[in-house]
Amino acid sequence: MTLPLTMAISDYAHTRDLVTGRVQPEGIDLNILSYPFEQVGLRFALGREFDISEYSLAGLCSHIANTPEPDFVGLPVFPSRVFRQSSFFVNANSGINAISDLRYKRVGLPQWSQTATVFARGYLAHDAGLDLRDIDWVQAGVNSPGRKEGVTLSLPEGINLTKRPDSCLSEMLATGEIDCAISARPPDSFLAGDGRVRRLFENPRKVEADYFRRTGIFPIMHVMVVRADVYRANRWILRNLMDAFNEAKTRAFTRLRDITTSFAPVGWGPDYFEETNRLLFAEGEPWPYGVNANAHVLNAFLRYCHEQGVTQRRLDASELFPPECNFEVIV
């Protein structure tokens, strides 16, 4: 007898064997729904439609910290990790040529509580040495008006955040109404080749690699979550899901390392895979799941969340995940 559960997740190479059923978690009959992350995250946030779901890391942290009785729990599987220095876009006439030039400028973002912008502001405050109170913040949708915050904020004193539901970052950036936009999704004006909009960093990959060498932080964007009622009724499922996610990842990495066939449409794909992982994970397991291997990144992020008013109290990484995950936290 297996337990039927529905899981929603984006399409990733390292989870595909789980999604296709080539890997199956013991005792669980998974019905997989694969949608773009924006749809997955929004539908779970609004209606808890799925038993298991990909979700925003900031959304999980806020829910655990700010909700007396959380109705979902974290599973330490991290499908998406992205450096965010490449997410700074500036107006070409803004006079911004270095990260320090953001002081006293108008900077737009889609949500204060978006995981990408929390990490970006953490970079500004802790690595670039900027005071977040010295920036005039503007919140609006990236390419269309009307985007709202996903959580209730407790903004620190001195933070100036203006909501602009009537406009979008792409347009405001092109016209110079804002000087910079921080966005995980590139603004349409940038993608269209509008000469008024450019990236802040000409070579963001170099900036991001240097940042990693200094800090050891490879930002986690998304996490898996499980509805609390499902977890409480079947506490054993967390470890079985972890085992299945790890098996799917191992199989994907075996394919990516195979020099016989090009499983990814990239020249020298296996060499590039190994080279990148040597930088980011040294001799450890590439793209690790679990609390222990990610405690440094998680605790840095939790510090940013509390400092920036996304969480009402300072969490520890161990509070995000139930004890069944059974990972000792090392800071």
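The values are calculated or read from the model by the stated rules, or taken from the named source; none is laboratory data. A quick note: this is a predicted structure, and the numbers were derived from the prediction, not measured. Cβ placement follows ideal geometry from the backbone for every residue including glycine, while neighbour counts extend to all protein chains displayed.
When you look at Arg227, is it basic (Lys, Arg) and in the same structural domain as Ser170 (by TED's automatic domain parsing), yes or no? When the stated conditions are applied, Arg227 does not pass them.
Being more than 20 Å from the chain's Cα centre (by Cα), surrounded by fewer than 17 Cβ atoms within 10 Å (Cβ to Cβ) and closer than 30 Å to Pro4 by Cα is true for just one of Glu247, Glu275. Which residue is that? Criteria check complete, one pass: Glu247.
Among the helices (runs of 4 or more DSSP H) confined to segment 228-331, the ones with at least 3 residues that are under 30 Å from Glu149 (Cβ atoms), touching a helix residue (DSSP H, G or I) at 6+ places or on another chain (Cβ under 7 Å) and modelled with pLDDT of 95 or more are located at 295-307.
Within segment 102-113, can one find any residue that is without any contact (Cβ under 8 Å) to a residue 60 or more places away in the chain and over 13 Å from Lys163 (Cα atoms)? Within segment 102-113 (the criterion being without any contact (Cβ under 8 Å) to a residue 60 or more places away in the chain and over 13 Å from Lys163 (Cα atoms)), the answer is yes, since at least one residue qualifies. Contact map, segment 141-161: first residue farther than 20 Å from Ser56 by Cα and modelled with pLDDT of 95 or more, second residue assigned to a loop (DSSP other than H, G, I, E, B) and among the aromatic types (Phe, Trp, Tyr), Cβ cut-off under 9 Å, separation 6 or more or different chains; pairs are Ile159/Trp112; Leu161/Trp112. Meeting the requirement of 3 or more residues that are touching a Phe, Trp or Tyr at 6+ places or on another chain (Cβ under 8 Å), the helices (runs of 4 or more DSSP H) wholly within segment 1-76 are 37-47, 57-66.
Segment 137-223 holds no helices (runs of 4 or more DSSP H) entirely within its bounds that carry 3 or more residues that are of a type in the set (Gly, Ala, Ser) and touching a helix residue (DSSP H, G or I) at 6+ places or on another chain (Cβ under 9 Å). Output yes when any residue across segment 103-115 is within 27 Å of Val291 (Cβ to Cβ), within 17 Å of the chain's Cα centre (by Cα) and in a helix (DSSP H, G or I), and no when none is. Yes, some residue in segment 103-115 is within 27 Å of Val291 (Cβ to Cβ), within 17 Å of the chain's Cα centre (by Cα) and in a helix (DSSP H, G or I).
Assuming Ala116 fulfils every condition listed in (1) at pLDDT below 95; (2) within 20 Å of Val197 (Cβ to Cβ) apart from one, which condition is it? For Ala116, the exception is condition (1). Cβ separations smaller than 6 Å between residues 6+ apart or across chains give the following pairs from segment 5-17 residues that are closer than 15 Å to Phe50 by Cβ to residues that are in a loop (DSSP other than H, G, I, E, B) and acidic (Asp, Glu): Leu5/Asp51; Thr6/Asp51. Screening the candidates Ser80, Ser62 for the property of being touching a residue at least 40 places away in the same chain (Cβ under 8 Å) and touching a His at 6+ places or on another chain (Cβ under 7 Å) yields one hit, Ser80. Taking segment 251-261 as the range and being surrounded by 14 or more Cβ atoms within 10 Å (Cβ to Cβ) and either outside the structural domain of Val19 (by TED's automatic domain parsing) or not charged (D, E, K, R) (or both) as the test, the residues that pass are Ala252, Phe253, Leu256.
Scanning segment 164-187 for residues that are over 25 Å from the mean Cα position of the chain (by Cα) and of a type in the set (Gly, Ala, Ser), we see that the one that is surrounded by the most Cβ atoms within 10 Å (Cβ to Cβ) is Ala174.
Evaluation of Leu42 against the conditions (1) buried (at least 19 other Cβ atoms within 10 Å of the Cβ); (2) in the same structural domain as Phe245 (by TED's automatic domain parsing) shows that the sole unmet condition is (1). The lone criterion from (1) of a type outside the set (Gly, Ala, Ser); (2) more than 15 Å from Gln111 (Cβ to Cβ); (3) at pLDDT below 95 left unmet by Asp131 is number (3). Quick check: is even one residue across segment 203-213 under 24 Å from Thr15 (Cβ atoms) and modelled with pLDDT of 95 or more? Yes, there is a match, as at least one residue in segment 203-213 is under 24 Å from Thr15 (Cβ atoms) and modelled with pLDDT of 95 or more.
Selection of segment 113-151 for residues being touching a Leu at 6+ places or on another chain (Cβ under 8 Å), of a type in the set (Gly, Ala, Ser) and farther than 18 Å from Glu307 by Cβ yields Ala140, Gly141.
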